[in-house]
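Asker: I am attaching a structure below and will ask some questions about it afterwards.
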Amino acid sequence: MRGSGIIPPMYQKKGLYIPYAKAIKEAVNGPVICAGRMDNPELALSAIEDGSCDLIGLGRPLLADPDYVNKLRFGQTELIRPCLSCHEGCLGRMVHYGWLNCAVNPSCARERFTELKPVLKKKKVMIIGGGVAGCEAARVLSLRGHQPVIYEKTDRLGGNLIPGGTPDFKEDDHALAKWYENTLKDLSVPVYFNAEVTPEMVRKANPDTVIVATGSRPKVFGLGDDSKVFTAEEVLLGTRDPGSRVVVLGEGLVGCELALWLKNNGKEVSIVEAQDGLLKLNGPLCFANISMLLSLIESKGISVYTDSKAIRTTEQGVLIGNGAGEEELNADSVVLAVGYDSENRLYEELKYEVRDLYILGDARKVSNIMYAIWDAFEVASNI
């Protein structure tokens with residue numbers, strides 16, 4: 001399958017090459033190294049213990065966490081920062097910009113320029129939002145000597161990593177959320193859950209600095225009878241049942257990955273997109289991920305309607321239209337995956353009241369995991 005070769009994307013199952021390594025080991029006398037999404041310590045250990053291979057090769061995971069081996073050696077596996085196999089910072093940036101970096105490790109290949117400097121004066125920093133931007137800011141601030149406190153309106157850290165990590169091929173999103181949870185606990189950063197911050201709470205706390213990292217909210221629009229119109233987030237979190245026939249509106253990563261996950265779970269899935277192809281508005285994306293995702297959509301038999309727009313819902317499903325006319329698609333649900341809007345209302349309320357105020361991640365500009373982490377690292381490094 002295209003895109004699943006030498007540098008495996010996230011859509012490739014972890015441990016896929018273990019049977020091949022075992023077959024090679026049975027045919028040769030020399031040591032055999034198995035690589036390719038072998039970053040999970042338990043998976044790697046089991047492959048060595050059962051004789052499938054002699055050594056494990058790690059490439060991208062060492063970009064994500066250069067201390068991987070030492071943490072493994074001392075039993076600190078919960079503190080190993082996970083590689084997402086996203087290619088955003090490594091292969092993708094090498095191809096497009098000629099630079100080697102890492103989405104989850106902003107210091108990768110920039111160690112000299114991103115060295116964290118200890119603070120001369122500690123600040124009490126109130127961080128509003130426990131998504132990746134808020135968590136990364138708290139991590140960096142704590143390492144530098146500040147006193148960050150996170151206020152998260154839900155009952156867990158991670159933000160959009162939580163719905164995003166629902167598909168089995170995106171499990172590392174949840175691993176990243178868990179890593180932030182473990183890391184902030186190791187750094188003794190206080191986290192308050194189920195705490196939706198108001199301007200009055202900020203005034204009462206009287207922090208030295210406020211960071212607004214409130215993320216984003218899904219874009220929605222009406223299609224007439226919206227009783228069967230859901231957001232991708234609602235379906236991924238399991239708060240809405242999409243039924244057995246699903247029409248996904250949107251051709252970006254969220255829409256395509258949602259469609260693939262639904263298809264893998266036995267749903268009849270169609271994608272409807274106004275652009276003339278899939279993944280046109282996301283970019284730059286690594287060719288390995290694009291190639292494999294598009295190949296999977298085709299091979300799984302997911303119906304794709306490009307140059308088309310949803311007009312309204314009907315009793316049978318949804319009516320769509322394009323240059324050739326209108327067509328009714330049978331569907332139990334229509335799922336919106338048409339992007340996100342910044343959730344910056346609290347920042348707007350505070351911007352003339354708080355002297356030292358910052359806004360990070362999706363709350364400032366909707367983008368991807370890499371942008372949110374790098375944005376937070378840059379700001380927190382200079383407070």
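Asker: Indicate the helices, whole DSSP H runs only, in the chain that combine a mean Kyte-Doolittle hydropathy of 0.5 or more with a Cα extent along their long axis of 15 angstrom or more. Could you put the intermediate results ahead of the total?
Answerer: On the way: long enough: 132-144 (18 Å, 0.78); 171-186 (23 Å, -1.48); 253-264 (16 Å, 0.96); 287-299 (17 Å, 1.35); 369-380 (16 Å, 1.18).
Qualifying helices, which must be both long enough and hydrophobic enough, are 132-144, 253-264, 287-299, 369-380.
Asker: Where does each of Ile311, Ile271, Ile383 land when they are ordered by accessible area, with a 1.4 Å probe and the largest first? It would help to have the intermediate numbers written out before the result.
Answerer: On the way: Ile311 75, Ile271 0, Ile383 20 Å².
So, going from the largest accessible area down, we get Ile311, Ile383, Ile271.
Asker: Roll a 1.4 Å probe over the protein heavy atoms and report the accessible area of Lys219 in Å², nearest 10.
Answerer: Surface open to solvent at Lys219 totals about 80 Å².
Asker: Sum -39500 (n - 2.57) across every DSSP H segment of at least 4 residues in the chain, then divide by the residue count to get the 222 nm mean residue ellipticity, nearest 500.
Answerer: Numbers: 14 runs with 126 residues, N = 383.
Calculated from helices alone, the mean residue ellipticity at 222 nm is -9500 deg cm²/dmol.
Asker: Give the accessible area for Phe221 in Å² (nearest 10); use a 1.4 Å probe, count only protein heavy atoms, and leave out ligands, DNA and RNA.
Answerer: Looks like 90 Å² after rounding.
Asker: Moving on. Quote the Stokes-Einstein diffusion coefficient, in whole µm² s⁻¹, for the chain, based on the Kirkwood radius over alpha carbon pairs, a temperature of 10 °C and a viscosity of 1.306 mPa s. Walk me through the numbers before you get to the answer.
Answerer: Details: Rh = 22.5 Å.
Once the numbers are plugged in, D ends up at 71 µm²/s.
The values are calculated or read from the model by the stated rules, or taken from the named source; none is laboratory data. Because the structure is predicted, anything quoted here is derived from the model rather than measured. To get the accessible areas, we keep the full protein, side chains included, count just its heavy atoms, and leave off ligands, DNA and RNA. Shrake-Rupley method; radii C 1.70, N 1.55, O 1.52, S 1.80 Å.
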